[in-house]
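The values are calculated or read from the model by the stated rules, or taken from the named source; none is laboratory data. Everything quoted here is computed from the prediction, not taken from an experiment. Because the Cβ atoms are built from the backbone with ideal geometry, glycine has one as well, and the counts that use them run over all protein chains shown.
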Amino acid sequence: MGHVKLFIPGPIEVSEKTLAAFAKPVIGHRSQAFKDLYARVQPRLQQLFYTKQPVFLSTSSAWGVMEAAIRNLVNKKVLCCKNGAFSDKWLDVSLRCGKDAEGISAEWGSPIRASAIEEKLSTGEFDAVTLIHNETNLLWPRYPPLKRNSRMLCSLLMPSAP
């Protein structure tokens, strides 16, 4: 069978340049070579994500990143927006981390309305909100920005749908 080009959320198409990079010897994550590589990559990541803040890389699964975000950013209570398989995991992770968490749900394929989130946030109970920008199962458009000082924990697991 010939080459099949993938147009799905994952696994993704890998370029020849990327495949060639994988063929090079691995460098230790505590080595000077890694520190040098990270120092070169960090400014480019900041440019890519339009930030001057550090961009953190993780070699864990999505669960590891979700757990790290919840454990480090939630002090009071987290509001978990749930409308699909990936977003449902935020509540599970939050509860397993021992955090006070509440879910706000919509049917799979339906958006959670900003007004519902605003209503919850107006109580002052929450210092964090979790959401998924794009659920694989629904190709939901980008969520409108929320006008609150609450920390936003955004899981960017998938590229945004067109």
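A Cβ distance below 6 Å, combined with a sequence gap of six or more or placement on separate chains, defines the contacts here; from region 47-67, residues that are farther than 18 Å from A85 by Cβ and without any contact (Cβ under 8 Å) to a residue 60 or more places away in the chain reach residues that are β-branched (V, I, T) and in a loop (DSSP other than H, G, I, E, B) in the pairs F49/V55.
Answer yes or no as to whether L48 is of a type outside the set (V, I, T), surrounded by 15 or more Cβ atoms within 10 Å (Cβ to Cβ) and closer than 20 Å to H133 by Cβ. Against the criterion (of a type outside the set (V, I, T), surrounded by 15 or more Cβ atoms within 10 Å (Cβ to Cβ) and closer than 20 Å to H133 by Cβ), L48 does not qualify. Filtering region 2-16 to residues that are of a type in the set (D, E, K, R) and farther than 25 Å from S61 by Cβ leaves K5, E16. Filtering region 60-75 for residues that are assigned to a loop (DSSP other than H, G, I, E, B), within 26 Å of A21 (Cβ to Cβ) and small (G, A, S) leaves a non-empty set. The set of residues in region 76-104 being of a type in the set (V, I, T) and assigned to a strand (DSSP E or B) consists of V78, I104.
Please work out which residue is surrounded by the most Cβ atoms within 10 Å (Cβ to Cβ), limiting yourself to region 93-124 and to residues that are charged (D, E, K, R) and touching a helix residue (DSSP H, G or I) at 6+ places or on another chain (Cβ under 9 Å). Ranking the candidates gives K99 first.
Cβ separations smaller than 8 Å between residues 6+ apart or across chains give the following pairs from region 19-39 residues that are under 18 Å from V55 (Cα atoms) to residues that are exposed (fewer than 10 other Cβ atoms within 10 Å of the Cβ): F34/G28.
I'd like the residue in region 105-118 that is assigned to a helix (DSSP H, G or I) and either modelled with pLDDT of 95 or more or in contact with a strand residue (DSSP E or B) (Cβ under 7 Å, 6 or more places away or on another chain) (or both) and, out of all such residues, is farthest from E67 (Cα to Cα). Among them, the one singled out is A116.
How many of the residues in region 66-91 are of a type outside the set (S, T, Y) and modelled with pLDDT under 90?
Qualifying residue count, region 66-91: 5.
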